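**Q** Here it is, the structure, as structure tokens.
What follows draws every value from the coordinates through simple rules; no lab data is involved. Since this is a predicted model, take the numbers as computed values, not measurements. Positions of Cβ are generated from backbone atoms using ideal geometry, with glycine treated the same way; all protein chains shown enter the neighbour counts.
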Amino acid sequence: MTKVNLARALSLLSYLGLFAYMMWWAIDLSNTPAEHISLILLLYVSPLLITLYGVLHARDKGLIWSSLITLLYLVHGGLIWWTEPALQYWGLLELSLALIHLISSSFYIRWRAAATNADSATA
């Protein structure tokens, strides 16, 4: 497995993990009344749905935008980790997933561009 494929796999797994975690957060962990769960799901999950197509198909613009969107989840996870003692491990999980996606998608874009430029230079 090359470093490009490893970065792609980490980026995709962390993004999908963040997507699943935010759905679980909205439904179970946030202590939201049942009549407001759909609103919380809409607020927490819909930003991730905007760039899902670009992440799944490894589009550069989609990965860049998803990295920018995951900054919101990075802040949210950090706040939960810092302020909620009962949920601090869940906040750390959200923070970790967002940070892994941010770093791995950045490296994936860089390494794929370098590999493409190296291939075109040798041809």
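**Q** Could you please report the charge total around Ala113, scoring K, R as +1 and D, E as -1 over all other residues with beta-carbon less than 15 angstrom from its beta-carbon?
**A** Neighbourhood net charge equals +4.
**Q** Suppose we keep just the alpha-carbon trace of the chain; what are its Rg and Dmax in angstrom?
**A** Reported Rg and Dmax, both Å: 16.4, 61.
**Q** Put +1 on the Cβ of each Lys and Arg and -1 on the Cβ of each Asp and Glu in the chain; which of Leu13, Met23, Ile64 then has its Cα farthest toward the positive end of the dipole?
**A** Farthest along the dipole direction, towards plus: Ile64.
**Q** Please grab the % of Cα pairs in the range 1-63 that end up more than 19 Å from each other.
**A** Here the tail beyond 19 Å accounts for 40 percent of pairs.
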